[in-house]
1. Tell me which residues, restricted to the range 179-209, are farther than 27 Å from residue 294 by Cα and either open to solvent by 30 Å² or more (accessible area, probe 1.4 Å) or within 18 Å of the chain's Cα centre (by Cα) (or both).
2. Residues of the range 59-78 being over 14 Å from residue 291 (Cβ atoms) and either in contact with a strand residue (DSSP E or B) (Cβ under 8 Å, 6 or more places away or on another chain) or not in a loop (DSSP other than H, G, I, E, B) (or both), which ones?
3. Name the pairs: first residue in the range 226-254 and open to solvent by 10 Å² or more (accessible area, probe 1.4 Å), second residue acidic (Asp, Glu), Cβ to Cβ under 6 Å, at least 6 apart or on different chains?
4. For a quick check of your reading of the model, give me the residue pairs whose first member lies in the range 1-30 and is within 25 Å of residue 100 (Cβ to Cβ), whose second is loosely packed, with under 12 Cβ neighbours inside 10 Å and modelled with pLDDT of 90 or more, with beta-carbon atoms closer than 6 Å and at least 6 apart or on different chains.
5. Assuming residue 58 fulfils every condition listed in (1) crowded, with 16+ Cβ neighbours inside 10 Å; (2) out of contact with any helix residue (DSSP H, G or I) (no Cβ under 9 Å at 6 or more places or on another chain); (3) closer than 21 Å to residue 130 by Cβ apart from one, which condition is it?
6. Considering each of 44, 20, 51 in turn, give the residue that is within 13 Å of residue 84 (Cα to Cα), touching a Lys or Arg at 6+ places or on another chain (Cβ under 8 Å) and not acidic (Asp, Glu).
7. Within the range 210-224, count every residue that is within 15 Å of residue 163 (Cβ to Cβ) and open to solvent by less than 20 Å² (accessible area, probe 1.4 Å).
8. Mind checking whether some residue in the range 115-130 is more than 27 Å from residue 260 (Cβ to Cβ) and of a type outside the set (Ser, Thr, Tyr)?
Amino acid sequence: MRLLDNPPDMEAEIGVDFLARCFGESWNPVMYHWYLKREFHGGAPDRLVLAEGRQVLATAGISYRQLRTPDGTVHRVGIMVAACVPPRERGRGRFVRLWKGAVNYCATRDCTALLGFVTADNASCLILRRAGAVQIPSSYVISDDLPPESPAIAREVADNAYGAWRDYADGALQAQCSNTGAGFRYPDVNAWRSQLIDRPHPVELLRVGDTSRAIIERVDDTDRLQWLDGDPEDQDAAIAAVVARAHRARRRFFMYSTTALPASLLRDCGLKVRPGFMMAMATRAEHEPVVRSWAGLPWRVQSGDRL
């Protein structure tokens with residue numbers, strides 16, 4: 001059993017068809033390229049394959065990003081993407097072997113930590129917890145049944161021209177310099193655009209009320225809120241507005257957040273929460289104290305930041 005990095009002759013074994021067998025029909029060539037081949041700020045992702053001969057036991061992509069903590073320190077991190085174990089290999093310790101191998105691999109790429117995004121009820125969450133990963137609480141917020149009417153606090157939502165993305169990026173880059181919380185750092189507007197605008201599905205730029213701007217990715221029948229800015233006191237009303245917009249179009253809604261949302265907002269908008277975690281594991285012993293401290297930081301990580 002070996003852990004291979006970027007094997008040049010195994011594309012047929014680990015390509016789109018393999019991922020579709022593991023995850024379902026949502027994987028296609030466009031998704032495959034965006035998540036596992038796309039460069040970010042000039043750096044290409046890596047692909048790790050746990051194999052025995054040419055038999056694939058587990059595989060994952062590693063994309064490289066930057067985190068900024070409130071003290072101004074910038075950390076290079078790896079994010080595990082599209083980790084999967086074929087059905088016939090599940091329950092045999094393949095995923096934990098893949099995770100530990102990925103942590104060691106990220107150490108050779110000068111990463112402070114390896115991150116993984118999981119729901120609390122997923123088996124991988126327990127595996128990563130047992131492996132020693134730090135848990136940073138988060139929420140996967142989804143609409144269930146469409147409510148009979150829009151919440152009263154919904155604000156006006158207006159479409160912006162697609163070319164307005166640079167104004168959004170400039171605002172996001174300014175906010176990350178002044179933000180007192182921890183979160184992902186974007187080195188420049190092109191890096192931000194490649195993550196938040198040039199996504200694999202159609203994207204809408206919205207103006208919400210007087211202060212907020214939102215980016216919605218339309219994935220099948222769901223509006224995914226990938227990014228939201230504006231005055232903090234306006235955030236709940238802005239979320240209610242984009243949820244109401246989705247409902248009026250008979251579409252579902254999704255967002256990811258490391259900030260807890262009020263129960264009244266969830267109830268009024270017909271939203272449900274699946275608890276989750278951003279898991280972080282130090283790549284070297286000297287990084288352990290820093291990564292452990294992340295559990296106590298205020299985080300602002302949005303849907304589009306993650307993957």
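The values are calculated or read from the model by the stated rules, or taken from the named source; none is laboratory data. All values derive from a computational prediction rather than experimental measurement. Reconstructed Cβ throughout: ideal geometry from the backbone, glycine too, with neighbour counts over all protein chains shown. Protein only, heavy atoms only, side chains kept; ligands, DNA and RNA dropped before computing areas. Shrake-Rupley method; radii C 1.70, N 1.55, O 1.52, S 1.80 Å.
1. 190, 197, 198, 199, 200, 201, 202, 203, 204, 207
2. Residues satisfying the conditions are 59, 60, 61, 62, 63, 64, 65, 66, 68, 70, 74.
3. 251/221; 251/223; 252/221
4. 1/52
5. Of everything listed in (1) crowded, with 16+ Cβ neighbours inside 10 Å; (2) out of contact with any helix residue (DSSP H, G or I) (no Cβ under 9 Å at 6 or more places or on another chain); (3) closer than 21 Å to residue 130 by Cβ, residue 58 misses just condition (2).
6. Result of the check over 44, 20, 51: 51.
7. Taking the range 210-224 as the starting set, the residues that turn out to be within 15 Å of residue 163 (Cβ to Cβ) are 213, 215.
Filter again for open to solvent by less than 20 Å² (accessible area, probe 1.4 Å), leaving 215.
Number of matching residues: 1.
8. No, every residue in the range 115-130 fails to be more than 27 Å from residue 260 (Cβ to Cβ) and of a type outside the set (Ser, Thr, Tyr).
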